[in-house]
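Novice: The structure is given below, and queries will be raised subsequently.
Please treat every number below as a calculation from the coordinates, not as lab data. Just so you know, these numbers come straight off a predicted model, no measurement behind them. Using ideal geometry, Cβ is built from the backbone for each residue, glycine included, and neighbour counts are taken over all protein chains shown.
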Amino acid sequence: MARDGAPSAVGARDPVNPRGRPFSAVATPFVVTRRNRRWYFANCAWDAVAFHAMLNEEVRIGTQCHHCAEPIAITLANGRAMSTLGSRFVHLSLPASQWWTTS
């Protein structure tokens, strides 16, 4: 919160999971690791992918299948994705225009 009580950019409107997209201030299942071995939590799969575009460098996304708990590792480099365990996909159940809206 800013001194005047207005929400700040980080954590605005969400006191449970404060975040400054694509960064999460709390642990999540989406861990993004840079080549220099620094790592960050992302809020969701889409935010994890955003690190590659934001940093313009290779990143590794580590997570797990939410259905079977199988580990998933995806490396993003030069605008391309490489999965360590065969082909993977990210299921987005909402259109992009609704990702960050509240009901």
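Novice: Return LEU55, LEU94, LEU76 ranked ascending by Cβ neighbour count within 10 Å, so the fewest neighbours appear first.
Specialist: Arranged by neighbour count, lowest to highest, LEU55, LEU94, LEU76 become LEU94, LEU55, LEU76.
Novice: Under unit Cβ charges (Lys, Arg +1; Asp, Glu -1), what dipole magnitude, rounded to 20 debye, does the stretch 21-85 have relative to its Cα centre?
Specialist: Numbers: 7 positive and 4 negative charges, 45 e Å.
Its charge dipole is roughly 220 debye.
Novice: Let me ask something else. Toward the positive end of the charge dipole of the stretch 21-85, about the Cα centre and with charges on Cβ (Lys, Arg +1; Asp, Glu -1), which of VAL31, CYS65, LEU55 goes farthest?
Specialist: Of the candidates, LEU55 comes out farthest on the positive side.
Novice: If we sort 56-63, 42-49 on the protection proxy, mean other Cβ atoms within 10 Å, highest first, what's the order?
Specialist: Top to bottom by mean Cβ count within 10 Å: 42-49, 56-63.
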